[in-house]
Each structure stands twice: as structure tokens, then as C-alpha cells.
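The values are calculated or read from the model by the stated rules, or taken from the named source; none is laboratory data. Owing to the predicted nature of the structure, the values given are computational and were not obtained by experimental measurement. Neighbour counts are summed over all protein chains in view; Cβ atoms, including those assigned to glycine, are modelled from backbone coordinates with ideal geometry. Side chains included, ligands, DNA and RNA excluded: accessible areas come from the protein's heavy atoms. Shrake-Rupley method; radii C 1.70, N 1.55, O 1.52, S 1.80 Å.
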There are 4 protein chains.
Amino acid sequence: MSHNTFGHLFRFTTWGESHGPAIGCVVDGCPPGLELSEADIQPFMDARKPGTSRFVTQRKEPDEVKILSGIFEGRTTGTPISLLIENKDQRSKDYSEIKTRYRPGHADFTYDAKYGIRDYRGGGRSSARETASRVAAGAIARKIIGSNIQIRGAVIQIGTSMIDGDNWDWKQVSQNPFWCPDAATAKDWENYLDETRKSGNSIGAIVEVHAEGVPAGWGEPVYGKLDSDIANGLMSINAAKGVEIGAGFASAAYTGVENADEIRMTDGKPQFLTNNSGGILGGISNGDTIIARMAIKPTSSILTEVRSINAQGDEIDVRTKGRHDPCVGIRAVPVAEAMLACVLADHKLRHRGQTGR
Amino acid sequence: MSHNTFGHLFRFTTWGESHGPAIGCVVDGCPPGLELSEADIQPFMDARKPGTSRFVTQRKEPDEVKILSGIFEGRTTGTPISLLIENKDQRSKDYSEIKTRYRPGHADFTYDAKYGIRDYRGGGRSSARETASRVAAGAIARKIIGSNIQIRGAVIQIGTSMIDGDNWDWKQVSQNPFWCPDAATAKDWENYLDETRKSGNSIGAIVEVHAEGVPAGWGEPVYGKLDSDIANGLMSINAAKGVEIGAGFASAAYTGVENADEIRMTDGKPQFLTNNSGGILGGISNGDTIIARMAIKPTSSILTEVRSINAQGDEIDVRTKGRHDPCVGIRAVPVAEAMLACVLADHKLRHRGQTGR
Amino acid sequence: MSHNTFGHLFRFTTWGESHGPAIGCVVDGCPPGLELSEADIQPFMDARKPGTSRFVTQRKEPDEVKILSGIFEGRTTGTPISLLIENKDQRSKDYSEIKTRYRPGHADFTYDAKYGIRDYRGGGRSSARETASRVAAGAIARKIIGSNIQIRGAVIQIGTSMIDGDNWDWKQVSQNPFWCPDAATAKDWENYLDETRKSGNSIGAIVEVHAEGVPAGWGEPVYGKLDSDIANGLMSINAAKGVEIGAGFASAAYTGVENADEIRMTDGKPQFLTNNSGGILGGISNGDTIIARMAIKPTSSILTEVRSINAQGDEIDVRTKGRHDPCVGIRAVPVAEAMLACVLADHKLRHRGQTGR
Amino acid sequence: MSHNTFGHLFRFTTWGESHGPAIGCVVDGCPPGLELSEADIQPFMDARKPGTSRFVTQRKEPDEVKILSGIFEGRTTGTPISLLIENKDQRSKDYSEIKTRYRPGHADFTYDAKYGIRDYRGGGRSSARETASRVAAGAIARKIIGSNIQIRGAVIQIGTSMIDGDNWDWKQVSQNPFWCPDAATAKDWENYLDETRKSGNSIGAIVEVHAEGVPAGWGEPVYGKLDSDIANGLMSINAAKGVEIGAGFASAAYTGVENADEIRMTDGKPQFLTNNSGGILGGISNGDTIIARMAIKPTSSILTEVRSINAQGDEIDVRTKGRHDPCVGIRAVPVAEAMLACVLADHKLRHRGQTGR
């Protein structure tokens, strides 16, 4: 069962609400003997944390991770690693007025329908704040898969503005507040997002993540496929509405000849001439770069009034104050990277368990 | 763990290879007391089975399901239901020449990389023949969720030809060999697919599935979300390269105002004025129709030669004889419906387990 | 979830009822490349099968296993292995009169309470016939753990008659119909069981199983301990009422000094001077022989009348006709061996997955 | 997978080492709407906590539980409940000398064999301190199963001294420091344990737990049986070496006639005239009191020297200083109660999930 747990051999369980005292996770199944300290995790937390530019929520959270267990003398012991992140900048009064009001696009309505009770402060458990725990777990996952595997992500579309793939430069990703690999497009997005924000609106985005260096052979057919587990992991991220691998939806328009990733030998190794497969065939990695994309819907918390109902069934108009990301897709990049890392760490161990390799 | 098992409370485990004596599955967790016989399952098998038109593979399989356990005097007993489907029309000699040749786009290469051994006959375990078991399990899942929930699927795009959404008519789906809800487009597809087939090529497709009547409240945040489980289930289908829920990738281009599914009251019940969410908010059903789409790549087995390698690392050219679907997307419709049904059955039981409702 | 599935990385799912057309199981997670055929499994089936002496049930079942998947050219492929065993000698009419009568000590009452329906023929799903599938899975598990690990079991007590441990001789186990390692006691048991049988009664037993050669390091604290998984596996066997490891319940009477398994070095290796631990410390194997024992209650199906009720709540007297083991403990030996093998196979893979060793 | 997780629908994951900053657990799957605060949990913590009498370890831990998530306005929300217990009275220097010395009967040797690294301070992860988290989870489990089910435990044997069953009085359990239901025997145990402690030795025990009021129908055959899950849960407790249900090992000596729990009707309800089954038939509760017993070996940490080896393979003599329970069986009672409560809570939800009852 997996209500709040992700993964199998490498697995993490997250807990915590947006405005509770803390959030965190327990990471289980980590191999013993890996060097690990808070310093290995914190940079990834910093990459996701709020308040770093005017294009993201202004909530100020240091997002400092504390390791409470599982490490001894600087190394993992193979026992559960408990990670804790305190919530510092809750402003619960901001939310009191949505206590009984359902914001369209939010989980307010569905949590009430499911549980009959919800912690409405800052979205409670449904808040994207939960993703901080994923990023922490992902940092550990990266240790497991090792430095030969490089996981990187980027925003490739915001609203109707797509990057020019020919301009792709991974170095640019850290040079702008959008994780944008195309410097020219990043410039455009500044104005685009400023306008969006000022008009009390929000906007969607597409995130792309790559894993280079994954050996051929990871993934478990037929219900633990590498791609279905990636789809599961990415779609579980707040606001995700779509996932694709390799050519993805574009492959629907391809013929078999166009879609075939032909193979030649290079330096004695198989070389795929194209990568429509996104590095996965039959649910198993083929050694090429794993490529996944996810669609992130626009933030539902907007200052513009929209029609809704309240818990009593009255028709109301709702506008959401508080501090929100005008484009949640931006901060979703390190989360998507983390989920990809976690899927790979799990599959590395599962593959090793079954085959001994 | 879930190498070959799907689901949690309602779960099925499939087994079998394309050219072995039989395939099948064990369905566990089914509630007791449901009326069930082979006759409830067979119509769904018939909808998926090969050889029904010139647009699908010409392999002739009756796909008759036998129930070996779990039913007593016409009703489920709550114990495992074992389902067996004999393979009748294997022609393994067709495949002998690909024994050591890797067909681009297939799992040949990755199975060898993973396991060091593979049953190459007809794709072995990686064959889409496995999906017959899913359809059988899905028929049982439909019994569990009940007749108030209607699950239906359609092909909405083949290659570059999309249906006109304004023409959508569910009745058309059974009137053409393409599961096409748009009569005019279905006509076009005949020629399109004939040409594709004759040119020794294949083509991709997009499948859309709906579940109407799902009550609000199903789905388990945050790692058993209804949408992430649907993504997992659909992406595990052979040849799937993308999954989206509701507006999906289109939502990346929307603003928050455009994307908000506003709510009014109708007959004392909440009514969503649009359905960009695809019936799921925060991972939980909202009572609106659940809508999912998946992209299916073109069949990799094509008569046109493509460049590849063999198991010895020699560069070769490969063309795949045998009997193949020119567009596997077509026969994927009943499989997608089945996976959606299985996810819903599992979540019905999970929700009931936790909440008692 | 594990209603009908045992194990994690190495796992099997059983299905089938005593008087259905067949029973069987699906074994998943088996490493690829192992030599395996029906001939590897059948000897274990024969050891468990009914009708081999007058001291066990006279039902005649060949218990021939058919492998339906997962093997190619004599080797495991890493995909699910489906095993089928036909039921040949059902005599369902024997059971018609217990259709609505609850036999004391049976699952009749509890299945009805749980499911509201049950296949009463021969005990249906609750029949010990299900254990044939465990034995088949266990034969595969033995392949995985390898021939360096030897798993053997014996009956050490029937009713009030215990073996003399000083007479223990493994060779005797196959020389009498009781799996008794003490020739003298085996002789006594003949009369004992003949009397029991003739008086329309039955008798309990204690079974002991050993695994020699297990390397130190298998087992996952704290909720996948090797001993708790063994306890789980053995207690799931029909009629089991107790499980102990090493000194077991006797250790309650020991002092710390008496109980300590002191350690010396022999040939450069740690040597435990005693084995009160039963080869397991902190849930992890220590390299010494793993020793487990289980108590099996007397067969509940007896010819002597006992007081009970029927499904309508009427007070009745019940005597059970049909063909039953006077001492089910005897045929439980190969089942206990199989469960121990399965636990070890699972933990070998789990240990390898996490640690790479 | 379940390295550090127990249960399925109701499940908890524990983390933490004896001498780390804290220990804790995450409880998932709790139904929403239950009243819950620290005050509901603390009494059970207090019952298990160390330092309460001279017969238990003198480590002073307040064992105060903090709830970090999952509760809103005094009620469970259905989201994960994170529980934290700070370690206050670590004295790690006590342990420095066992850093590389393997205490016989401890997990020192096996943790090193498995992981190649261990937190040796106070036993690290293998310490019985972990059981505090189980007790906390168990308090929540009691809320789920409701006050109609009463779970109680007692020590019925210490060393060679058994209680007299005829003197059983539940009220006595809280009147002596041994959880002893027999006042006369409790008196004897004072001297017995004082002698044991003063001689630098320790002693084993047997614990019995009851659950009254469990409805018929809980438990999932055949690999989620109520009794096999109880066996799993109890055997996972530190120092447990045996588990039995109902008559347990005694049933091996019974005939079928002796063992049969005959049934009559009383006030329109089935009434079992004896309870050899321990309230479980075929893995499913029968409505009678569930009775389980576990054997706890003597504490391995003793002041008496015993022969052992160190990590370098040198033969050494070991005596263990520090603060230890002379009889760990005593403090195991609330832990056993907690595990039984957790198994029942899980099965209540599982049964409800599958059957709707």
C-alpha cells in the first residue's frame, strides 16, 4: 500500500502539513556505507525553496533539513533515515476565510468529500510544501545511483511560450530564475510572468527532466516498468496533469519508420541514432538518456474572482489571497528531478536484488 | 513489490508469454458475493482479440477465458480468481530469425540487457498479448465498481488525423473498426491505415478513456493519487509513451482563470462548469467524469528495413515479418478501459477501508 | 497487501480450492538463468502428496505440476512462473452434508462470518490442499538459495510422544512414514496412530525444520526480520498454532548466562558454541543453522461426534466423514520446509538488493 | 516491502536509534475524524517507559510523544501522523568499549555482517528502545478498533516460575511491577528478580495478550491470516523467540476430540465452550477472545563474563556494563499489546475494504 509512501526497495514516506510545526520524511532501504550529511541534501532544498525571486511565492522558509537517524559517523547504516524540516513562516490567518470555501482547482472540495475534515491552513496536506520532503529524499537517491548518473531538469514552456530547442544550453538553467535552458526565452518570460502576476492570474508550464548515464537493464516489466513508475512519480507532484516519455504525445503522429530509434555500434557499444523512446523500451532502460516531461497546470490560487461554492452548498465568488507562485511549474523542476532520482534508486536496487548485477 | 502485480486491495498478477501454452492472471481481493461467470468477461475479451478486421493483427486467437477458482455457485467467494487463456495460434517459426536480432523500438535489446535471456518467440513476455489478462481483470473490476459507473474509450487520433470533437458520438465507437467516435473521421482512417499497412509501415494513435459516475472522494494522496495510479496503469500498457488527465498538456498554456473549473449548484449538487481537471483534484475524484488520454507509439514491428544490431554486436538491417497490428492504438482501447476500471476498483476498496464509506 | 501472496522480491501468489478444477500459484521475482523444469519440483510434490501411507488421507492425487510460463529452453527468464496442479480425486458428495454445518475447529464458521459465502466442498479455499502450491514454490526457492543451503524437516512429537533427541538421525526421516528422525520412536508411532485413527480421533504434532549453510547477514530489521518472516510463513500453514526459533519457549526459563551462545574462532571463522538463537540474532542470520519449530493441532475433521451449530443457528452434533489425515502434522513437514525456503530466497534477494552482496 | 514498516491499510514506519537525538514513527492510513491527542498516547508510553522500578533498566526517559502532523482541531484528518520521542538520557560513553566487541546474544555481530557498519551506542537500531514507537502506534490503533475491543497483557512466567492460572485477576496486573495477574506469584518474583539482578544475570519470560470483543470475520486467508500476522508482529519484538495462539504448543499433545472447541447457542449467539483456537480459525477471528503468547529470552546484556570474539576475529571475554533490564519480558507487555492492537486495526480496515462490513 502506498498512501504516503513512494518506492519499494528504496522508499520514502512523507508526512506533514503546510502550517503544522514541521514536515518531513522517512527514507528506508538506503544501502549502508554511503557518505551522507545535511550538506549533501541542503543544496537541493535551496534550489526548491520559496522566496528566491519575485516569480515564486514570497513565503520565507529556510527549509533546513535535520537528519534524525540512520547516519553514524558520517555514513548511512542501512537503517531508516528520518528527515525533518521545520515550518517557520506560516501565516495561518491568511487562510481563515477559505475555511469553508472551495477554491476551484484546489483539493479543498475533494478532501472534504473524502475525509469529512481537512486542515485548511495553507492547503494542509495538499500543499506543494510536501514536495520539500521529496527533494530531500531525492538527494539521498542521487547518492545511491552514484555520480555517473546525472539528473537535470528544465522548464521548456511557460504558458504559450516555448523555448527554442536549438538554443538548449544546460548552463543557462542556473543563470535565470526560471530553470530555462534558452537564454533568449528566459528574457521573454520575465515580462510574461510579471504581467501574469500583476493581473492577478497564473500560468501553466512544461518541465523536462533528463537522466544521463543510466545503464541498460533497469525497470521491471510489466507492472513496475521504469516508465510507468516515472509516470506515477511525476503525476503525483502537485498540479501535474500530464507525463510523457521521449517523443511522448508526438509519437502518436509518427510512422513506425519515423519513430524507430535505429542502432549502430560506436566504440564497441550500441548507439541509438535517435531517442524517441526516451531511453526506455519495454519498461526497461536501454542505456540512452532517459527523458521525461510533465505538464503543470497554472496555480489555482489566484487573486481574480471565480465562481464556486462553500461547504454549505452556497454559491459564492472566490479570490485567493496569501502568497502563491504565479507559475508553480518553476519550482517543480527540482521536485521532478528528485522523483526521477528516487525511481532510479529504487530500480537500481530492485534490479540488483533479482539479477545480482 | 509489483513486478507483475497491479493494484493493492483489488489486485491482479499476470503471467505468460506470447507463444507459451497459455497466459492468465490471478485476481485477488475481489469482494465476495458478486455474480460472475465467464460470460461476464468474454465480451471484453472479444473486443480486444486479434483478427477482427484487416486493420489489426491477423493472428487468430479465440481468447476464451476459463475461471479456475474463486467462484462458487455463480458468485465470487472473496478468494483468488484464477483466469486462464490458452494460446492457440502461435507460429513460432515466424520469429526464429529475430532470435538474436534486436528490432528497433522493441524490448528485445533491453530484455537481453536485463535478464541475459529472453523468450524471443513473438516477443515473449514483452508481447502485447499480455494485455488480454488485463482485460479479463478489468471485467471483474467493472463488477466491483458497479453499473452506475460507466467506463468507455475511443481512439481520437491516428497519426496526424484527429477527430473533430464536435462530432463525438459514443454510439459510433462500435460502428467502425477503429473505436472512433466521429463517423466522418473513421471513414478517412480506412484509407489512411490501408496505405500505412501496404507501405510496410505503422502509425501511432491517441486513446481517450472516460469514467462517468465516479463518486467524489476516491484516491489516496499523496502517493496513491487517483491520477498517478491511472498514469501508472496506462503507461504500463505496451507502446504507451504519454498520459494526460483532463486538459493535460494543454493546461500548460492556460492561465489560472482559464483553467479554473468553476462550480455552481444544480439540483442541490455541485456542478463543475468545465472539466479541465479531468475529474480529479489533489489526487481525489471530484465527482465529474474522469478523463484520461494516452499516446501510443507506432508498432515497432514493420516490414520496412531499419538499421540495428544483433546480440553479437554486429550492425545489421532488420525488417520484421509475422502478423502485426499496423496501429496498436486501436486494440489498446479495451486495455485502457480495463486499466481504468482496475484503478477505480482498487480505490473504491481502499477508500472504503480507510473511511468506511 | 498480501491476502494470497507471500514474500516480497521472491513472491508467490496461490489460488484454488480443494474441489475446483485445479490449484496453482504464480511465482514472481525469480532470478533469470536458473535451470528449472517440472522434474525439479515434482519430488517435493511427491513428498507432500496424499495417499502414500495409511497414516495420511486416502485421497489419491498425483499432484503433477505443469509449468505454464517463465521458463525458456530449460531456464528461468526472470518473468512470472505459473504453476498448475489439477485436482483429480475430488469426491464432493462426501461434503454435501456439511454444507450448512460448522465443524468445530474448522474455518467453516469463520469463512461464512467473513464472506457470507463459502465453497464448502472439501474445505474450499481453507483446505490444506492449498499447501501443494507452497511446496511447488518452495522447490523454486531452493534453486535460488542454491545447493549450499540445505533445508530439512522432521516430526519430533506426535501427541504426547516425543522423539529422543540423542537418537536424531536425518537418514531415518525417509525410512518411515512419519518423517521421524528417531527410528525407535517411529516404531511407537505406528501403533499410536493406528489407534488414533481407529478410534475416530486425530492427534497433534510438532515439526522442526533446519536450514544449514545460510550465510550471516540475511534478514531485515525491524519489520522484515528473518525470524518474524519465518513465524509468519509457518503460522500461515493450516493447523499451525505455534512457532518458535532456536530454544524458543524454553528460553523463557533460561538465565542470560545459560542462554548466551558463546563464540570462539574455528578455522578462522566465528563458531557459536551453542545455538539457542536458532541462527538468528536481531532478526538477521548469524551463519549458524536456522532452527524453527511449529505446533500443529490435531485434525479437526474427526469421526467422533462433537457439539456444534449450523448456519441457521440450530444446535447440532457433527461428525465428519470423508478422507482425512489422522495427524496433519506429518504432511506438514515438506510444507514447512517450503515456507522456510521461500523466506530465505526472498531475504537473499532483499539483502542483495540493499547491500549488493 | 516492509523493512521498517508494519501493516498494510493501517501501517506505521519506525525510525531512530537508541542514542540518536530522537526516535519516532509515521502512522499512515488512520481513518479520519477520530479524536486524538498526545494525552491519548502518553499513558501507554508511561506503561512501557524505563526507570519505573528497580526491576527494569534505570535509564530515565520521559518518553514524551509529540504529534507533528495528521491532527487538526483535535481530530485525525486521514493524513500521516508523525510521532516524535526525544532521547534524553543517552550515556554513550558506557558503550564505547563494546564498539568492536560482539556481545553474545546481541545483534552486534549480525549487524556488522549485514551492513558492514553499525551504530554501536546502546545497540543503535537494534535496541528495544525502538519499541516505544510501536507503543505509540498501538495507542492510535486502539482508537481505530474502538473501545468495544479490550486489549490486555500480562507476564505469566518468569524463568522457571509460572503463575497459577486459577489465581488470574486482571486487576492485579497494575498492582505489581511485573504485570503479573497472580498476586502470590508476583510476590515470589520480587526475590527471584532481585537475586537474578544481583548475580549479574538475567532471566526470560512469557507474555500473554488478550483481545476481547473482536467480531468474527477479521483476517485474510491465506497469507494475511490474523494469526500469522500476530505471529509476525510479536516475533518482531526484541528478544522474542516463540509465539503461540490459543492452546499453542500444548495442542500438539491433544487429540481432535480434546482440541475441538464445541459450540452452543447462548442468547441467540454462537458460544464456544472452550478456546483452544485462541479465537482464530482458518486465519479469521471467530468472535471469541483472541489469545496469544510469546516467549522472551533473557536479556543478553549481562554483567557476567561470557566468551566471544571481536570485530577483528580475536577471542575475547565480554561483560556488558550499562543500564539493562534484568528481565526484558516485563516491559514487553505494553509492546505486545500494541502489536496486537496494530494487527487488529489493520485487519479491521482490510476486512472493511474488501467486504464493506
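Brief remarks on what is shown
- Accessible area expressed per residue, chain B, with surrounding protein chains retained (probe 1.4 Å, Å²): 30 Å²
- Taking every Cα-Cα distance in segment C:89-187 and sorting them into 10 Å bins starting at zero, the pair-distance distribution P(r) comes out as 13, 25, 25, 27, 9, 0 percent.
- Among the listed pairs D:Lys225/D:Lys348; C:Lys198/C:Lys321; A:Lys114/B:Lys348; A:Lys225/A:Lys269; A:Lys66/D:Lys66; A:Lys225/B:Lys241, those with a Cα-Cα distance over 19 Å are A:Lys225/A:Lys269.
- C-alpha center-to-center spacing [segment B:116-175, segment C:7-80] in angstrom: 33 Å
- Phi-based couplings in Hz for segment B:73-81 (Karplus 6.51, -1.76, 1.60; Gly and Pro marked x): 6, x, 10, 5, 9, x, 9, x, 9
- Histogrammed with a bin width of 10 Å, the alpha carbon distances of segment D:129-231 distribute as 13, 34, 33, 17, 3 percent, first bin at zero.
- Each 5 Å bin from zero up to the one holding the largest Cα-Cα distance in segment B:204-351 carries the following percent of pairs: 2, 9, 15, 17, 15, 13, 9, 6, 6, 5, 2, 1, 0, 0.
- Label point 7 Å beyond Cα of A:Lys88 along Cβ direction - residues of segment A:296-327 with amide nitrogen under 20 Å: A:323-325
- Inter-copy spacing of B:Glu64 label points, which lie 7 Å from Cα along Cα→Cβ, given in nm from shortest upward: 2.2, 7.2, 7.3
- Column: log10 I(q)/I(0), Debye, Cα scatterers of segment D:291-346, q = 0.17, 0.20, 0.24 Å⁻¹: -0.71, -0.81, -0.95
- Buried area at the C:A interface is about 1000 square angstrom, summed over both chains, from accessible surfaces computed with a 1.4 angstrom probe.
- In chain A, the beta-carbon sitting nearest the axis that superposes A on C belongs to the residue given here with its distance in angstrom, A:Gly353, 1.
- Quarter of the Cα convex hull surface for segment A:73-130, i.e. its orientation-mean projected area (nm²): 6.3 nm²
- Sulfur and carbon atoms: percent of accessible area, chain C [1.4 Å]: 46 percent
- Charge context of C:Gly200, other residues only, Cβ under 13 angstrom, K/R +1, D/E -1: +1
- Label point 7 Å beyond Cα along the C-beta direction, distances from C:Arg323 to other copies (nm, shortest first): 4.4, 6.5, 7.7
- Distances in nm from A:Thr304 to the matching label points in the other copies, shortest first (labels 7 Å along Cα to Cβ): 4.4, 8.1, 8.3
- Computed over Cα pairs, the Kirkwood radius of segment A:36-94 leads via Stokes-Einstein (1.567 mPa s, 4 °C) to a diffusion coefficient of 99 µm² per second.
- From the C-alpha gyration tensor of segment B:1-143, square roots of 5λ in Å: 30, 18, 11
- Figure note: C:Leu349, A:Leu84 ranked by solvent-accessible area, largest first, 1.4 Å probe, ligands and nucleic acids not counted: A:Leu84, C:Leu349.
- Note: segment D:239-289, Cα convex hull, 89 Å³ per residue.
- Whole-Hz couplings from phi, Karplus 6.51/-1.76/1.60, listed for segment B:42-59; x for Gly and Pro: 4, x, 6, 4, 5, 5, 9, 5, x, x, 8, 8, 6, 8, 10, 4, 8, 4
- Applying the Karplus relation 6.51 cos²θ - 1.76 cosθ + 1.60 with θ = phi - 60° to segment C:17-24 yields 3J(HN,Hα) values of 10, 4, 10, x, x, 6, 10, x Hz, where x marks Gly and Pro.
- Accessible surface of A:Ser300, taken over heavy atoms with a 1.4 Å probe and every protein chain present, rounds to 20 Å².
- Cβ-based net charge around A:Ile330, under 14 Å, with every Lys or Arg adding one and every Asp or Glu removing one: +1
- Rounded to two decimals, the Cα radius of gyration of segment A:253-321 over 2.2 N^0.38 Å is 2.16.
- Only Cα sites of segment D:180-290 enter the Debye sum here, all with the same form factor; the resulting log10 I(q)/I(0) across q = 0.14, 0.18 1/Å is -0.74, -1.02, listed in q order.
- On a per residue basis, the convex hull of the C-alpha atoms belonging to chain C measures out at 153 Å³.
- The alpha carbons of the protein assembly as shown stretch over 84, 69, 65 Å along the principal axes, in descending order.
- Local charge for D:Thr5 was computed over the other residues whose Cβ lies under 11 Å away, with Lys and Arg +1 and Asp and Glu -1, and equals -1.
- Every Cα-Cα pair in segment C:1-48 was counted, and those over 12 Å apart are 73% of them.
- Chain B - mean residue ellipticity at 222 nm from DSSP helices (-39,500 (n - 2.57) per run, n ≥ 4, rounded to 500): -8000 deg cm²/dmol
- Convex hull volume per residue in cubic angstrom - Cα atoms of segment B:173-231: 106 Å³
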